[in-house]
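Shown next, in structure tokens, is the structure this report addresses.
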Amino acid sequence: MRLLVAAFAVLAAWAPVAGAGCLDQPGDAAAVAGARAAIAAACDCAAAANHTTYLRCARTAALLRVGASSLPRRCLSTVMRCAAQSICGRPGAVTCCVTNHAQTRCHLERNAGKCVAPKTGSACVGSVPSCCDACAAGSCATTPTTTVTTTTLPAAPCADGFGVVCSGSCPPAERCVDGANGVLTCGCVPAGATACGESAFPQCGGVCAGNRKCQATVLADVQQQFTVCLCVDPAVPCGPNQCAEPGACPSGQFCDTFGFEAPVECNCLPLNPSTTTTVSVTTTTSTTIATPCANLMFPQCNGTCPAGSHCAGDLASGFCSCYPAGVTACGESAYPTCGGSCLGTKTCQAVRTIIPALSLDVRDCECLAPAAPCGPNVCPAGPGVCPPGKVCSGFATSGPLECNCVNP
């Protein structure tokens with residue numbers, strides 16, 4: 001497989017899928033709206049460190065909706081395209097609605113001053129962060145005004161909520177939290193108690209609603225791995241081999257799942273017996289999962305390594321590996337200096353890749369073969385190596401990667 005495919009494996013699911021059929025089925029529009037609301041609640045658009053960080057958060061929230069069967073897998077790219085075509089993590093940027101020849105299109109601009117009307121049309125700065133909502137026919141979409149009255153609407157029951165936004169009503173001395181009744185469902189727990197989803201993994205000692213059990217769970221696919229505490233039905237086991245949703249395991253085990261489309265692969269696996277949980281006045285040590293480092297995909301490099309080494313990786317190699325303790329891996333080093341180490345004979349190279357179709361500008365440090373140069377002009381096999389102090393800058397289109405060595 002070409003290096004370009006491996007290098008952007010974590011971005012592949014963001015691209016639109018031809019013929020996927022999202023919004024063609026009843027309930028798709030509501031599922032997409034619910035997923036976008038969950039992203040808005042979980043990912044701070046204005047405070048995101050950068051656009052890539054925001055997209056990673058958005059994809060995590062969207063995949064959890066897929067795992068909960070509340071978002072069809074075919075609609076994941078639709079949701080992520082709205083996140084990609086947003087100004088989140090882009091300080092000063094605006095959505096710009098340009099109307100020309102009776103057609104209105106949305107663009108992202110660096111600032112409001114760049115939102116300029118064509119000679120035969122008009123333009124306006126949008127009031128919402130995503131191009132999916134910014135424009136109306138011939139203008140910018142307007143935000144509906146709200147008439148304030150003294151009428152108080154009855155609060156919706158907590159159990160009617162879904163996702164990471166739980167604001168319904170509970171009995172006195174209880175509060176409404178996410179996950180208390182199952183995956184991404186809301187429920188009431190005692191006001192002073194730590195909810196299951198708020199408790200530390202893998203101890204997962206939080207409270208669930210009803211008779212549900214707080215279960216340590218790993219949600220994974222070939223690109224991502226999430227460690228979470230979920231409220232599960234104690235009568236529904238995790239596996240063996242397959243399950244419609246995460247289930248319960250015996251004490252001292254976690255529910256290991258693979259895939260985000262039911263039925264998923266699932267089994268109960270033991271927590272690492274070599275590490276115990278100790279809580280005292282001065283120290284706290286946590287139990288870890290015995291997942292080998294080499295079995296994980298970058299950037300989720302939290303697997304186990306032999307003593308004296310740690311788990312790390314980079315985007316180009318894709319998989320995680322064990323590096324000596326005290327050594328900074330290439331993928332951990334700072335762009336554009338990229339002074340980290342690579343395994344074998346590879347070189348740690350600063351890489352910048354612009355992907356216009358997804359409005360992405362990815363800057364990272366990657367381990368690349370020294371015999372593969374960056375350009376000139378084109379990189380058929382993906383980013384390549386540059387002279388010291390230079391960045392391999394690429395422009396990803398439908399054809400081969402356009403690339404050249406440039407100054408940072």
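Here are a few things to note about the model shown:
- Working from label points 7 Å from Cα in the Cα-to-Cβ sense, the residue 200 to residue 244 distance is 3.6 nm.
- Treating r as the C-beta distance of residue 53 and residue 307 and R0 as 45 Å, the FRET efficiency rounds to 0.90.
- Placing a label point 7 Å from the Cα of residue 381 along the Cα-to-Cβ direction, the residues of the range 306-346 with a backbone N closer than 15 Å are 316-317, 345-346.
- Modelled FRET efficiency - R0 51 Å, residue 30 with residue 402, Cβ distances, 0.05 increments: 0.80
- Rounded, prolate or oblate (a/c below 1.5 giving rounded, otherwise prolate when a/b exceeds b/c) for the range 24-141 by Cα gyration tensor: oblate
- Calculated FRET efficiency, residue 127 to residue 173, Cβ-Cβ distance, R0 = 41 Å: about 0.55 to the nearest 0.05.
- Accessible-area composition of the range 30-72, carbon plus sulfur, in percent [1.4 Å probe]: 58
- Extension gain from residue 258 to residue 110, taking 0.36 nm per residue of separation minus the Cα-Cα distance: 49.3 nm
The values are calculated or read from the model by the stated rules, or taken from the named source; none is laboratory data. The structure presented is a predicted model; accordingly, all values stated were derived computationally and were not measured. Glycine also receives a Cβ, built like all others from the backbone with ideal geometry; neighbour counts cover every protein chain displayed. Heads up: the accessible areas ignore ligands, DNA and RNA and are worked out on the full protein's heavy atoms, side chains in. Shrake-Rupley method; radii C 1.70, N 1.55, O 1.52, S 1.80 Å.
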